[in-house]
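Following: one structure in structure tokens, then a few remarks.
No value in this document is a laboratory result; all are computed from the given coordinates. Just so it is clear, the structure is predicted and the values come from calculations on it, not from any experiment. Cβ atoms come from the backbone with ideal geometry, glycine included; neighbour counts cover every protein chain shown.
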Amino acid sequence: MDAHLGCDFLDHPVSTGTTIMAVEFNGGVIIGADSRTSTGSYVANRVTDKLTRITDKIYCCRSGSAADTQAIADIVSYSTYFFENQNNRDALVSEVAAEFRKFCYNYRDTITAGIIVAGYDDVNGGQVYSVPLGGMLIRQSCTIGGSGSSFIYGFVRENYKEQMEKEECVEFVKKAVFHAMFHDGSSGGVCRVGIITKDGIERRVFFAPSVDEKPAMTPASVTVR
Amino acid sequence: MMSNNGVNFAPFWHNGPAPGSFYNFPQNNIKSNSAIDEYGFQRNGGPITTGTSIVGVKYDKGVIIAGDKLVSYGNLARYHNVDRVFKINENIILGMSGDYADFQFIKQYIDEIILSDFSADDRIVLKPKDLYTWLTRVLYNRRSRFNPLWLDMVVGGMQGEEPFLGHINIRGRSYTNDVISTGYGTHLALPLLREYSEKGPLNEETAQQLIQKSMEVLFYRDCRGYPKYSQANINANGVTVSDHEVKQNWDLALSIKGY
């Protein structure tokens, strides 16, 4: 390591050492993530968007190797686009999640990918699916992932309620992600939030509060799609 | 020992297995000399999301299999509402321990078998020993290719009129018995279960109590344990899968002070 004289990023793969989460609420799902991509202890990208579009109403949250998760997300995104074309209907969240699982399970010894699939379809409404490292697939109403998630298991357990209202749920996700970002060196930057309902996705960005202060109430930016 | 003093013996055998490396049986052509093959695959990296012990008990008219509702991620109690005990069909119940992703993989194949049974519509349905044998062969094959399905499974059910209970391990070794356990259960539950079952055939009530006691001990003593468990009970009347919670007794703690 010392051969590179303090440039430890030359020895480490690029990872989205991360905090990600997704929560079902009354009307859809809320997804949240930090914005830091790290190579060892260097911040390769401080404004990453880890909330990746698969379809207009189905997104995934990526943690693990940036390269692996981007590659898989690109493949699943194309595969879903083709499926929607051939079947003449929108893909279900469960179908996209199963496709992610297919790759994450079959290549489990070669890749590092911890993925959360979340979205809205008109058969089962808002759904959240967790595809962790070994490639298992499980549906949950609230799930967290990435290195920063370790620090907020307690917070989430205490504060999560089923079927919250939209704004209440956004607050919950935002606070949880900020708590994780505070403690986890591999998470940081801004908190990106996505609200997915039958009408599509509304994206928000929140800046981290000063370390003494409580998180800000109003978002820095709001985009509706 | 190192030098043969100039004397060189002929090889003991030619073209046969070389201890330490992969042996290709005559008709195969599998290249397996390096740790990473040309597609970037390595040998199984080991289990990741895991289920702990399963306990199974045969009684006079049926079988009970139980396991807690936790899937762990190393030390972390990650998913705690997961069933590890399943009804397969009217004759078969199955409990899994080991890697949950590998289990989901094999479960798809089991579901296909059950579906073919249904589609054949010939009133012949899979029996527990059939599934038990099939799983043995699959797991043994994977073990022989150095890429195991990281699973320890307990198959139970009604083989006609007779209750059946068997265990298949990660290497494809299987055996049947009146009491079965995997993981920590082998050390903690099995001695207790064997003591009671060797006295004579159990009835349903005693079997139920034995399961309860085993689950209690496993929760106290297995770091990867969890107090909620699910249980499948199969007999001539059919299958019931139910949820239970361990009755914990910590009174003991009150009487301990210091060390």
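Details
- A helix-only calculation puts chain B at -8500 deg cm²/dmol for mean residue ellipticity at 222 nm, using -39500 (n - 2.57) for each DSSP H run of at least four residues, averaged over all residues.
- Cβ crowding within 10 Å averaged over residues, with A:84-91, B:149-156, B:7-14 ranked highest first: B:149-156, A:84-91, B:7-14
- A Stokes-Einstein calculation at 10 °C with viscosity 1.306 mPa s, built on the Kirkwood radius of the range B:51-245 over Cα pairs, returns a diffusion coefficient of 96 µm²/s.
- With a 10 Å cut-off around each Cβ of B:67-80, the average count of Cβ atoms from other chains is 2.
- Stretching A:Asn26 away from A:Val211 to a fully extended chain increases their span by 63.4 nm, per 0.36 nm per residue minus the current alpha-carbon distance.
- Note: the protein assembly as shown, Cα convex hull, 270 Å³ per residue.
- When both the range A:163-206 and the range B:157-233 are represented by their alpha-carbon centers, they are found 45 Å apart.
- Chain B, relative contact order in percent, only Cα pairs under 8 angstrom and at least six apart counted: 23
- Going by neighbour counts of Cβ atoms within 10 Å, the residues A:Val205, A:Val123 line up, fewest first, as A:Val123, A:Val205.
- Full-extension gain in nm, A:Tyr42 to A:Glu162, via 0.36 nm per residue minus C-alpha separation: 39.4 nm
- Loop-resident GluC sites (Glu not before Pro) (DSSP state other than H, G, I, E or B) in the range A:134-200 with no more than 16 further Cβ atoms inside 10 Å of their Cβ: A:Glu162, A:Glu165.
- Considering only B:Tyr100, B:Tyr220, B:Tyr109, the Gaussian network model of chain B with Cα springs below 10 Å gives its largest mean-square fluctuation to B:Tyr109.
- Hypothetical label at B:Ala77: residues of the range B:176-220 whose amide nitrogen lies under 19 Å (7 Å Cα-Cβ projection): B:184-185, B:212-220
- Once exposed loop trypsin sites (Lys or Arg not before Pro) are cut out (DSSP; at most 14 other Cβ, 10 Å), longest piece of chain B: B:44-122
- Cβ crowding within 10 Å ranks A:Val190, B:Val85 as A:Val190, B:Val85, fewest other Cβ atoms first.
- When the GluC sites (Glu not before Pro) in the range B:194-259 are filtered for DSSP coil states and for at most 10 other beta-carbon atoms within 10 Å of their beta-carbon, the remaining sites are B:Glu198.
- Using a simple spin-label model with pseudo-atoms 7 Å out from Cα toward Cβ, B:Ala10 and B:Thr133 lie 4.4 nm apart.
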